[in-house]
Amino acid sequence: MPALPSHRLDVHLVPADRTDRAVAEVWSVWEDWVRRGYLTAEGPGPLAGELIPGGFVAARVDDPRAVVLYSNQVGGFQVRCPICGHGLAREFRPPGPTRCPECNGSFEVEDLDCRPPVALGRASIVLMDVASAVVNRVPTGWSVVLRRVG
Ligand SMILES: [Zn+2]
């Protein structure tokens, strides 16, 4: 029997910058959120509920040392052509462009119709085991990626 997706949901907050500067940007937002009470050095702060309604259990900085695709790994993922709607799961090879065999279009990751949304990034803030999928303070230009953890 296949394993059922767990109920744990993590939120990755991903800066648009895909250079190494993204790591410093992530730490800068982390330190700002410590000052605001959303985080402590180790995890959720006293005002974590203002960041995510209901709060979260843990938090960390993710620094994979390369550009990676942040995406849902458990519980379903769809990628479709933004022009003709053709399913592109087989052709999808991030971080490079994806060619649609139906309409012959070529698309960057951010232009594809991905459900749930994905983001290419160099680093992220991870809010783990969130009580809701609503993020009240998304830094300007950052992406929000929800990830079920099996
Ligand atoms: Zn197409």
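Would you tally the residues in segment 127-146 being closer than 23 Å to THR19 by Cα and buried (at least 20 other Cβ atoms within 10 Å of the Cβ)? So the count comes out to 3. Among the residues making up segment 118-133, those that are modelled with pLDDT under 95 and more than 14 Å from VAL68 (Cα to Cα) are SER132, ALA133. Within segment 21-49, being part of a loop (DSSP other than H, G, I, E, B) and surrounded by 13 or more Cβ atoms within 10 Å (Cβ to Cβ) holds for GLY37, TYR38, THR40, GLY43, GLY45, LEU47.
For segment 112-144, give me each residue that is of a type in the set (Val, Ile, Thr), touching a residue at least 60 places away in the same chain (Cβ under 8 Å) and not in a strand (DSSP E or B). Residues satisfying the conditions are VAL130, VAL134, VAL135, VAL138. Of all residues in segment 105-113, none satisfies being modelled with pLDDT of 95 or more and in contact with a helix residue (DSSP H, G or I) (Cβ under 8 Å, 6 or more places away or on another chain). If we keep just the residues of segment 6-20 that are farther than 16 Å from ALA133 by Cα and not basic (Lys, Arg), which is surrounded by the most Cβ atoms within 10 Å (Cβ to Cβ)? Out of the qualifying residues, it is PRO15.
The values are calculated or read from the model by the stated rules, or taken from the named source; none is laboratory data. None of the values given here were measured: they were computed from a predicted structure. No Cβ is skipped: glycine too gets one built from the backbone with ideal geometry, and neighbour counts run over all protein chains shown.
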